[in-house]
Amino acid sequence: MQNISLIVPCYNEHETIEIFYNEAIKYFDEEHNFNIIFVNDGSKDNSLDIMKELAKKDKRVKYVGFSRNFGKESAMYAGLEAAKTLNSDAAIIMDVDLQDPPYLLPEFLKKHDEGYNLIYARQRNRKGAKLFSKICSLTFYKIYSHLTGDKQMSGGARDYCLLDRKVIDAFLNIKDAKRFTKGIYHYVGFKTTTIKFDYEKRVAGTTKWNFRKLLKYAFVGIDEFSRFYLYIPKIIGFIWTIICALDLAYQIKRCVEIKTINVFSWNALRIDFVVISLSIISFYIMKLLYDVRDQSRQRAIYICEESNIESE
């Protein structure tokens with residue numbers, strides 16, 4: 001009998017935790033040993049208290065409480081570490097607001113039984129979502145796919161996925177300071193497939209994401225899994241090359257009109273080339289320093305304040 005862990009990151013989700021629990025357990029079967037790992041990502045409400053109450057009533061409920069808010073990426077990582085501690089054969093990451101519908105759990109497990117190591121869900125459509133959200137999502141995935149060459153990462157991809165033991169180990173071995181889970185899924189490889197489903201609205205509460213957070217998250221993904229930074233010096237170099245060419249053409253035209261080369265400004269041309277060189281060099285130095293700084297710090301991805309998993 002396989003051990004299956006549901007990993008559920010939570011941040012100020014007191015309105016949805018019990019609803020999620022009551023819905024999820026409907027799809028637990030006798031062929032698997034299920035548990036739910038709630039990861040409290042430094043919530044300021046009583047989310048952790050609700051998790052503890054559920055844990056008292058149902059031994060299948062586990063919780064990990066952070067000392068502060070570290071973000072969803074860290075919560076997913078902590079959940080996978082907890083799943084490994086519980087000797088899980090597979091872990092399923094899903095949102096607590098039921099936008100990742102539990103009715104797909106049997107389909108995930110069926111695909112796993114067929115031999116797939118990584119199964120992730122993708123929305124078939126976003127009917128019912130806000131227009132601005134649709135546009136932003138479509139734009140990001142188009143840009144991400146172009147810059148990274150990852151054609152598997154299509155619009156509607158979710159963090160909702162099943163990872164078997166091999167994928168969990170591979171995922172946990174990646175210690176990037178900045179994490180983009182969807183990109184890591186594809187980076188680790190293994191036998192992969194998708195499950196499509198229709199867009200589901202949040203069951204209660206409000207989203208904790210805003211445009212600024214989503215934009216920052218998008219840049220992390222592009223930064224970590226593309227050669228985006230190689231494009232910038234190329235663009236800068238191209239622009240300054242055009243400027244130099246126009247400047248050179250203008251000076252040659254003046255020399256022809258006045259019929260003397262004395263008006264030609266070699267200093268201006270030298271300055272143009274120096275600016276191009278310094279712009280490119282300074283950019284690469286800045287990028288290198290930031291990357292070295294982030295990785296050399298070796299700070300903890302998260303800090304656990306309390307958990308009921310340690311006693312297992």
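The values are calculated or read from the model by the stated rules, or taken from the named source; none is laboratory data. Since we're looking at a predicted model, the values are computed, not measured. Backbone-built Cβ (ideal geometry, glycine too); neighbour counts: all protein chains shown.
Descriptive notes on the structure:
- Within segment 55-78, the residues that satisfy the criterion of being buried (at least 19 other Cβ atoms within 10 Å of the Cβ), touching a strand residue (DSSP E or B) at 6+ places or on another chain (Cβ under 7 Å) and over 12 Å from Ile7 (Cβ atoms) are Val61, Gly65, Phe66.
- Flag for Glu53 being in a helix (DSSP H, G or I) and free of Cβ contacts under 8 Å to residues at least 12 places away in the same chain: yes
- Test: residue in segment 4-14 that is out of contact with any Asp or Glu (no Cβ under 7 Å at 6 or more places or on another chain) and surrounded by fewer than 19 Cβ atoms within 10 Å (Cβ to Cβ): no
- Selection count where residues are within 30 Å of Asp164 (Cα to Cα) and either of a type outside the set (A, V, I, L, M) or at pLDDT 90 or above (or both), scope segment 120-135: 6
- Failed item, numbered, when Ala75 is tested on (1) outside any helix (DSSP H, G or I); (2) touching an Asp or Glu at 6+ places or on another chain (Cβ under 6 Å): (1)
- Pairs where the first residue, in segment 78-93, is under 16 Å from Asn33 (Cα atoms) and assigned by TED's automatic domain parsing to the domain that holds Phe108 and the second is part of a loop (DSSP other than H, G, I, E, B) and hydrophobic (A, V, I, L, M, F, W, C), C-beta under 9 Å, 6+ apart: Ala82/Ile309; Thr85/Ile309; Leu86/Ile309
- Considering Ile50, Ile37, Ile17, the condition of being over 18 Å from Gln99 (Cα atoms) and buried (at least 17 other Cβ atoms within 10 Å of the Cβ) is satisfied by Ile50 alone.
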